[in-house]
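First up is the structure itself, then whatever we jot down about it.
The values are calculated or read from the model by the stated rules, or taken from the named source; none is laboratory data. Note that the structure is a prediction, hence the values are computed from the model and not measured. Ideal geometry is used to build each Cβ from the backbone, glycine not excepted, and the neighbour counts take in all protein chains shown.
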Amino acid sequence: MGDIIDIITTRKSIRRYKPDPVPDEMIDKILEAARWAPTGENYQPWRFIVIRDPETRNKIGRLAKIGSGSRMTAWYCLGEMQERFEKIKDPVKKAEVLRFMYSGEVSEFAKHAPLVIAVIGSLKEGSVDVPYDLSAAIENMLLEAHSLGLGACWVHGPAATTRDAKKFKEILKIPTGMGEYKVIAYVAIGWPKEQRKHPRPKKSLEDLVFWEEYGRKERPNYG
Amino acid sequence: MDEIEYCNDIMVRLEELLFHELSGCAAWKVELIGVDFIQSKDIKGNTPPGVIQNCIQEITTAGLVKEMTYSIGGRGVKLELIMRDCLHLPKEVKLKKDGVKPYICPITNMILDQLIEKLNFETTFVAEVSIDEKSRECKTRSAIYEDEAKIGLVSDWSEE
């Protein structure tokens, strides 16, 4: 069996895309990867809405922009965003990055992605782990897209607040009742227009792993 | 039985649970908590001060909060509310004691809801909830966006 660690470790969130369409067979593969994600009790609560219509993508992009921008503007005003990006020393670059964030443009890219897939979960027919199942499906989609040479990004923004989640449902004609479907995110997909030069640094395993019990850092000798 | 205490205790457990499930973004999901009360009132007003003042009138008359003031600043984006002796204060104190930073202010949600419902504000966001159990005072700072153009209108709230 092949080791997919290279696919996992080279994947990055891609937010800029060429306008070229994503072929149908690739869309099918991405959806197929999602369908095989682990799911509690094999309930498979996920449903996928494939969106290519530019007008719908514009509406979703606008919703995401307003959602992220409304939060990040407030965080900037409280000084929290400046702390988050304090590692950027060049003041001009830092100001531009911060503006990109608090304007909400950071989440607007559904407008420019040739393909957007909304991931929603049924709360009605047998469901116990909907957010977790959906998250696993999204990860499968991201890995499959990357393995096909596509770029993708998981965007929670337009579904982050209760009011925005309702607007998101209305755009896609999803029943809006709180007991019907959970909207967790959309995944934007396209041919990458950017090569991310600096992958975000990851914490080392040493920082993340305990052995046998919480807090125990030394690796036991299992002989 | 103290019915207020009973209801606050139930809210504490629900808030703990929601935070445990969702971590920080739990605070983004709770904007409708509290709005039923204010939606049952016929709040009038054509401007933010008018609507806010009328909400405060209903809230204090009903005894949900004893004293309440507001100010708008930050280029029209910041709404600060100061509340003394809120019915929900014991909930916030208990939550804080249990190690969860208070994140649901039903009273603030009421006012933000009416800015959206009555004045068609684009969106709002509760940015900060702070409580002082000694003075029995709560302060919230929210971002209020009249329209899309107000998103990204930044200023330094610490200087106000």
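Please give the number of the condition B:I116 fails out of (1) surrounded by fewer than 16 Cβ atoms within 10 Å (Cβ to Cβ); (2) within 14 Å of another protein chain (Cβ to nearest Cβ). Of (1) surrounded by fewer than 16 Cβ atoms within 10 Å (Cβ to Cβ); (2) within 14 Å of another protein chain (Cβ to nearest Cβ), only one is false for B:I116: (1). A:P21 fulfils the conditions (1) out of contact with any strand residue (DSSP E or B) (no Cβ under 6 Å at 6 or more places or on another chain); (2) under 26 Å from B:A127 (Cα atoms) except for a single criterion, (2).
Yes/no per residue for (1) within 14 Å of chain A (Cβ to nearest Cβ); (2) of a type outside the set (A, V, I, L, M, F, W, C); (3) farther than 19 Å from B:S130 by Cα:
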{"residue": "B:E3", "(1), (2), (3)": "no, yes, yes"}
{"residue": "B:I10", "(1), (2), (3)": "no, no, yes"}
{"residue": "B:K29", "(1), (2), (3)": "yes, yes, no"}
{"residue": "B:D36", "(1), (2), (3)": "yes, yes, yes"}
{"residue": "B:P49", "(1), (2), (3)": "no, yes, yes"}
{"residue": "B:G74", "(1), (2), (3)": "yes, yes, no"}
{"residue": "B:R84", "(1), (2), (3)": "no, yes, no"}
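Listed residues A:K167, A:K173; which is in contact (Cβ under 8 Å) with a residue 24 or more places away in the chain, out of contact with any His (no Cβ under 7 Å at 6 or more places or on another chain) and of a type in the set (K, R)? Steps first, please.
Working: A:K173 fails: in contact (Cβ under 8 Å) with a residue 24 or more places away in the chain.
Just one listed residue meets the conditions, A:K167.
Could you check, for the stretch B:3-20, whether at least one of its residues is at pLDDT 95 or above and within 18 Å of B:K139 (Cα to Cα)? No; the residues of the stretch B:3-20 include none that is at pLDDT 95 or above and within 18 Å of B:K139 (Cα to Cα).
How about the stretch A:35-135: which helices (runs of 4 or more DSSP H) wholly inside it have at least 3 residues that are surrounded by fewer than 16 Cβ atoms within 10 Å (Cβ to Cβ) and more than 14 Å from chain B (Cβ to nearest Cβ)?
On the way: elements: A:54-77, A:80-84, A:91-102.
In the stretch A:35-135, the matching helices (runs of 4 or more DSSP H) lie at A:91-102.
Screening the candidates A:E213, A:E180 for the property of being under 23 Å from B:E31 (Cβ atoms) and acidic (D, E) yields one hit, A:E180.
Of the residues screened, B:G24 is one that is surrounded by fewer than 12 Cβ atoms within 10 Å (Cβ to Cβ), modelled with pLDDT under 95 and more than 15 Å from the chain's Cα centre (by Cα).
If you scan the stretch B:54-95, which residues turn out to be among the basic types (K, R), closer than 20 Å to B:W28 by Cβ and not in a strand (DSSP E or B)? Correct list: B:K91 only.
Here is a check on your reading of the model: is B:K134 more than 12 Å from chain A (Cβ to nearest Cβ) and either part of a helix (DSSP H, G or I) or in contact (Cβ under 8 Å) with a residue 12 or more places away in the chain (or both)?
Details: more than 12 Å from chain A (Cβ to nearest Cβ): yes; either part of a helix (DSSP H, G or I) or in contact (Cβ under 8 Å) with a residue 12 or more places away in the chain (or both): no.
No; evaluated as a whole, the condition is false for this residue.
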